[in-house]
Amino acid sequence: MPFAVRVARDGPSGDGLTMLAESATSPSLPAFVRDWLLPSRTMKRRALPPLIGLGYIALIGILGGLTMDHVVIGSLGLLDLYNEKTRLFLRQFLPFIATGAIYDSMRYFYWPAIANRVHVAGPYQLERSWFGIGGQTPNEWFLAHHWPALDLACGFAYLVFVGEYLAVALLLFFHRRSDMLRTFALAFLVVNLLGFATYFIYPVAPHWYVTEYGLGPARLDVLPAAAAASRFDLLLGTHFFDGIYGRGIDVYGAYPSLHVAYPLLVIWATFRTSGLRWARAPAIGFFLLMCLSAVYLQHHYVIDVLLGIAYAVATLALLGAFPALAHRSAARASSAHPAASGSPRQAASMASRSACE
């Protein structure tokens, strides 16, 4: 029965859930909306995904520091129970969720793990010798030469760099590019794991720390700082970066610049997806802006930017290694046994030679 007819007969006192269901199944609503709005009646439910999410919430509660962010992340496991669309969304975006959970978990062991191992003077001196401008690092030059227009542009880039990545992932999801999205999401997880590992293997103080505290031994009572990104908030009268860096963990995570790695992976995705051809030029522009922003805002050295590019390239190489090996194995098999290549002409030729023999 159409929703309008039901409302007219039953009046506003009708069952709200029935009305919602009937409105969702109304032919006037797009199938896309119905697919997402209604719970599945045929999908087999599984207990493990929501139990993992609830276990995550319980674990953070036991360790301490439970916030609404943790509750939201843990509750995402319930998407596996609702319908096929939400289950697919959870599965394909799981690498993003895992990355956030792993990063947040670092706060329990970050400081003890890097104690007495932070590099401060060495990276600064290397930057000045390689990329110095009149005896100054590029960061020091930008600290003396900055402009409101660049403050706004670079601050904006720092605000939305993760959002750009997620936006492209959503475009791939709704365009049903599951194969591309799988690699794109996994690349996000892998490049972050490589970066997180570097934070512990070779912790490096960012330039804003050197400006604030000098080149002496690293202090362990320092909180993350917005550095020159605070000029963005001052110009607009906002407090975006106070909130962002107030939740930060990796104070000494200058090497590499993941701010640069993400946009480079986005460029790769746009060039691998014909439907995102329109996004290629904006993606390249945003990547170049981010390279500038990382140095201009005092968060990274030029070396960090180059490392971020290298980490993105290494991530793509790692994810492409197995298909490449499979391709080479198939090529070797084809050269040894031409019929194995699947070529009907080659197979027919071999069959003909066998018959003649």
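The criterion of being over 24 Å from L194 (Cβ atoms), surrounded by 15 or more Cβ atoms within 10 Å (Cβ to Cβ) and either at pLDDT 95 or above or not acidic (D, E) (or both) holds for R231. With respect to being touching a helix residue (DSSP H, G or I) at 6+ places or on another chain (Cβ under 8 Å), part of a helix (DSSP H, G or I) and not hydroxyl-bearing (S, T, Y), W130 fits the description. Hey, can you tell me all the residues within the range 97-126 that are open to solvent by 30 Å² or more (accessible area, probe 1.4 Å) and among the hydroxyl-bearing types (S, T, Y)? Those that are open to solvent by 30 Å² or more (accessible area, probe 1.4 Å) and among the hydroxyl-bearing types (S, T, Y): Y103, S105, Y108.
If only residues of the range 167-218 that are open to solvent by 20 Å² or more (accessible area, probe 1.4 Å) and among the small types (G, A, S) are counted, the one that is nearest to the chain's Cα centre (by Cα) is A167. Scanning the range 151-165 for residues that are of a type outside the set (G, A, S) and farther than 11 Å from Y262 by Cβ turns up D151, L152, C154, F156, Y158, L159.
Quick check, is L94 open to solvent by 70 Å² or more (accessible area, probe 1.4 Å), among the aliphatic types (A, V, I, L, M), free of Cβ contacts under 8 Å to residues at least 60 places away in the same chain and closer than 29 Å to T198 by Cβ?
Judged against the criteria, L94 is not a match.
Scanning the range 153-166 for residues being free of Cβ contacts under 8 Å to residues at least 40 places away in the same chain and open to solvent by 50 Å² or more (accessible area, probe 1.4 Å) gives a total of 0.
All conditions but one from (1) modelled with pLDDT of 95 or more; (2) not in a loop (DSSP other than H, G, I, E, B) apply to D179; the one that does not is (1). Looking across the range 34-77 at every residue that is assigned to a helix (DSSP H, G or I) and charged (D, E, K, R), the one that is nearest to A98 (Cα to Cα) is identified as D69.
The values are calculated or read from the model by the stated rules, or taken from the named source; none is laboratory data. This structure is a prediction, so every number in the text was calculated from the model and none was measured. Quick reminder, even Gly has a Cβ in these numbers, built from the backbone with ideal geometry, and neighbours come from all protein chains shown. Remember, those area values only see protein heavy atoms, side chains included, never the ligands or the DNA or RNA. Shrake-Rupley method; radii C 1.70, N 1.55, O 1.52, S 1.80 Å.
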